[in-house]
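Undergrad: The structure's right below; bear with me while I get my questions together.
Readers should treat all values here as calculations from the given coordinates under stated rules, not as data from a laboratory. Just so it is clear, the structure is predicted and the values come from calculations on it, not from any experiment.
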Amino acid sequence: MNTISCYISLIPIIIFIVEIIVILGLSKKLAPLACLVISMLLGTIYLIPHNIYKGMIIGILLTSSCIGFYSGIKNIFEYFYQFTKFSKRKE
């Protein structure tokens, strides 16, 4: 498997794990910190176990990708929700 596709395939997995942790009771404000911890662990243990510093950098990059992806999807849903909320009028 190509390394770039391996990194990209971890992004939805990390988002899923963080969402499960939030559902179990973690505050939404601490979700990015949980994402950072999970990404750095995956980067150092799974992706690049022979170089800790490189694994930490990959973990930070995975974290920024996950947070940006989650925020973008959330903003898109909020944007379309505001239009559907006003378009349903009771007559």
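Undergrad: I'd like the orientation of helix 3-23 relative to the chain: the angle between its Cα long axis and the longest Cα principal axis, in ° from 0 to 90, rounded to 10.
TA: 60
Undergrad: May I pose another question? Compute the acute angle (0 to 90°) between the alpha-carbon long axis of helix 31-41 and the principal axis of greatest extent of the alpha-carbon atoms of the chain; round to the nearest 10°.
TA: 20
Undergrad: Here are a few candidate values for mean projected area of the Cα convex hull in nm²: (i) 8.1; (ii) 14.7; (iii) 7.8. Which one was actually calculated from the structure I just gave you?
TA: Calculated mean projected area of the Cα convex hull in nm²: the matching label is (iii).
Undergrad: Just want to confirm a number: the relative contact order over the range 30-85, from Cα pairs under 8 angstrom separated by 6+ residues, in percent. Please list the in-between numbers first.
TA: Working: 41 pairs, mean separation 16.9, N = 56.
Across the range 30-85, relative contact order equals 30 percent.
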